[in-house]
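Input: a single structure, listed below in structure tokens.
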Amino acid sequence: MSPPPEPAASSPLSGFFGVFRYSRRALGLVWETSRWMMLGLALCTLVAGVLPAVAAWVGQLIVDGVVNAMETHREASDPNLLTSITPVLKLVGVEAVIIGLIALAQRGLSAQQSLLRAMLGQKVNVMILEKAGQLSLSQFEDSELYDQLTRARREASTRPLALVNKTFGLLQNAISLGSFGVLLVQFSPWALLILVAGALPVFISEAKFSGDAFRLFRWRSPQTRMQIYLETVLAREDSIKEVKLFGLEGLFLKRYRDIFTQLFAEDRRLTIRRESWGFLLGLLGTLTFYAAYGWVVIETIAGTLTLGQMTMYLMVFKQGQAALSASLTAISGMYEDNLYLSNLYEYLEQPVEAESGTLTRGIKPGDGLRFEHVSFSYPGGANVLHDISLHLSPGQSLALVGENGSGKTTLIKLLTRLYHPTEGRILLDGSDLREWSAQALQKRTGVIFQDFVRYQLQVGENLGVGDTLAFDDEQRWQQAARHGMADDFIGRMANGYRTQLGRWFKNGQELSGGQWQKIALSRAYMRKNADILVLDEPTAAMDAAAEAEVFARFREHSRDKMAILISHRFSTVRSADIILVIDQGDIIERGTHEDLLEANGRYARLFQLQAAGYK
């Protein structure tokens, strides 16, 4: 498989420099994270940039001072060594202070970068997670968006600081180059040209291969995500038992290795090309340095330069070349960091539907739920629901019956506004769901999905997530647990509601499938003000006696509420006021249990088949 073609840019240069638009945003991000540390970085950068040239100039004065002191000492009739070397020793002391300040500035840079790395990584990860909270369920189900999220989480949390560090490093080297340039121009303007000519080829090579590496990174996001998924399946307690039972270790490990082999082969080709060209072009820089070295030596032998000047120019050439090479490498690295930051900002700039609903009560209080000619289809996919119309009043219960994939759970997701209808509308108390405040809807709805989450938290917190306003309210935990029939086994636990659940953390206790379902059921009961209760296959892992008691309590608890039940067990469905039989997104039958038996249609046949199994 070959990487997809990149969109054409107006020109290579505009494509190269255009990507630097993220540098300003990264600097702004660091400024928001800690202004004082950013100012500290700027100060340390200035000091570390200026002082090396000053140290080189002082070094020249020392060498020339030593030569002069030696000549004075030889020629003096009454030589006083201390008098001759005192000025030189003072210069040595000045240089020692300068070197100490450079070391202090470097330590300051290192310390502040280390602290900023942690602070900025946290800030960016929070930004990513906050954005995830704004995305709709359908966006999470979009594989391309999920790839963007994966890329952002893998790379973008470290790239902003890396970009800022390179920016300040570039500034430091630019200051150093400016100060070195002042000294080199005194020798010859051609010296500056030699300096640039030696470093430019490596820069061009690095920039080219940085772009190649980024395109490779973007192209293989799906394979990388598959690797992460296989790691999860092979190393998680909720999947390992089935992996072992079916003997899947070898199959999944082979697929994991095959993906790595493919990705590594691509990395190896790129690395070999990058390093080979880097070495060959780097030789040009070495040759230019030694050409300049020979030039300075010749000028010194010819008497044009003093020994101190020779020492200074050789140092300036060497440090200048290193500074220029570091500057160009920083620019190349900034280009690469900007490319990776585009992942972060592409993800953060994903359009989200604005929360426009403000209603906290409908225009017809007590009217209940209405679906009016509701249809739904996934983007680019077939219709999942077709022309669904129904009315559920307070105090009524509704049961949804149908094969897996018939659209029952999708209907619940529309009701809870996780999806929006493609056609038609859903009303609550006479007002469209889109007009309702999300917080008001959440307070009125209690849901347990078939694929509920088993939080690796304490028992009480597993219940508390059902109502964040009562997250730490132990009295509410106990009330909800009694309604959900979880209080009995919770009471037998050593730490009760403070018992850690799951195996991810120390002393965690695992529950049976039925116990987890009772935890999830209790979670739905945490919402005391909820008048819409939805149970999606809530007793699939329970025995018949526990199931009967769950629904007896549910009927009692939902006496004045709107209750919606999805179940394959007709012993629980039959008590509902309204039963809808759904097939491939269409309502094919509706009525009470008795009505549907009398009609002798799909419901009656399924009921009789299930009843026969108990005879």
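In table form, for the structure just shown:
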read-out	value
Among (1) surrounded by 19 or more Cβ atoms within 10 Å (Cβ to Cβ); (2) under 18 Å from residue 137 (Cα atoms), the one test that residue 451 misses	(1)
Every residue from region 454-485 that is part of a loop (DSSP other than H, G, I, E, B), in contact (Cβ under 8 Å) with a residue 12 or more places away in the chain and open to solvent by less than 70 Å² (accessible area, probe 1.4 Å)	456, 457, 465, 466, 467, 484, 485
Residues being modelled with pLDDT of 80 or more and open to solvent by less than 20 Å² (accessible area, probe 1.4 Å) - total across region 529-551	6
Out of 398, 411, sole residue that is crowded, with 20+ Cβ neighbours inside 10 Å, over 29 Å from the mean Cα position of the chain (by Cα), outside any strand (DSSP E or B) and not β-branched (Val, Ile, Thr)	411
Residue, surrounded by the fewest Cβ atoms within 10 Å (Cβ to Cβ), within region 486-500, restricted to residues that are touching a strand residue (DSSP E or B) at 6+ places or on another chain (Cβ under 9 Å) and either touching a residue at least 60 places away in the same chain (Cβ under 8 Å) or not in a helix (DSSP H, G or I) (or both)	494
Residue under evaluation residue 166, criteria (1) open to solvent by 40 Å² or more (accessible area, probe 1.4 Å); (2) modelled with pLDDT under 70; (3) over 19 Å from residue 54 (Cα atoms), criterion not met	(2)
Sole residue being assigned to a helix (DSSP H, G or I), modelled with pLDDT of 70 or more and surrounded by fewer than 21 Cβ atoms within 10 Å (Cβ to Cβ), chosen from 284, 305, 344	284
Yes/no for residue 232 being open to solvent by 60 Å² or more (accessible area, probe 1.4 Å), modelled with pLDDT under 80, part of a helix (DSSP H, G or I) and polar (S, T, N, Q)	no
Residue that is nearest to residue 418 (Cα to Cα), among those in region 359-385 that are assigned to a loop (DSSP other than H, G, I, E, B) and of a type in the set (A, V, I, L, M)	382
Contacts under 8 angstrom Cβ, first residue in region 27-55 being under 22 Å from residue 179 (Cα atoms), partner among the acidic types (Asp, Glu), 6 or more apart	55/95
Extreme residue, surrounded by the most Cβ atoms within 10 Å (Cβ to Cβ), among residues of region 558-586 that are farther than 14 Å from residue 396 by Cβ and within 41 Å of the chain's Cα centre (by Cα)	582
Per-region count, region 425-439, residues more than 20 Å from residue 134 (Cα to Cα), part of a strand (DSSP E or B) and out of contact with any Phe, Trp or Tyr (no Cβ under 7 Å at 6 or more places or on another chain)	4
Selection status of residue 259, open to solvent by 70 Å² or more (accessible area, probe 1.4 Å), of a type outside the set (Lys, Arg), at pLDDT 75 or above and over 21 Å from residue 320 (Cβ atoms)	no
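The values are calculated or read from the model by the stated rules, or taken from the named source; none is laboratory data. Bear in mind the structure is a predicted one, so any value in this text is a computation, not a measurement. Ideal geometry is used to build each Cβ from the backbone, glycine not excepted, and the neighbour counts take in all protein chains shown. Just so you know, the surface numbers come from the protein's heavy atoms only, side chains and all, with ligands and any DNA or RNA stripped out. Shrake-Rupley method; radii C 1.70, N 1.55, O 1.52, S 1.80 Å.
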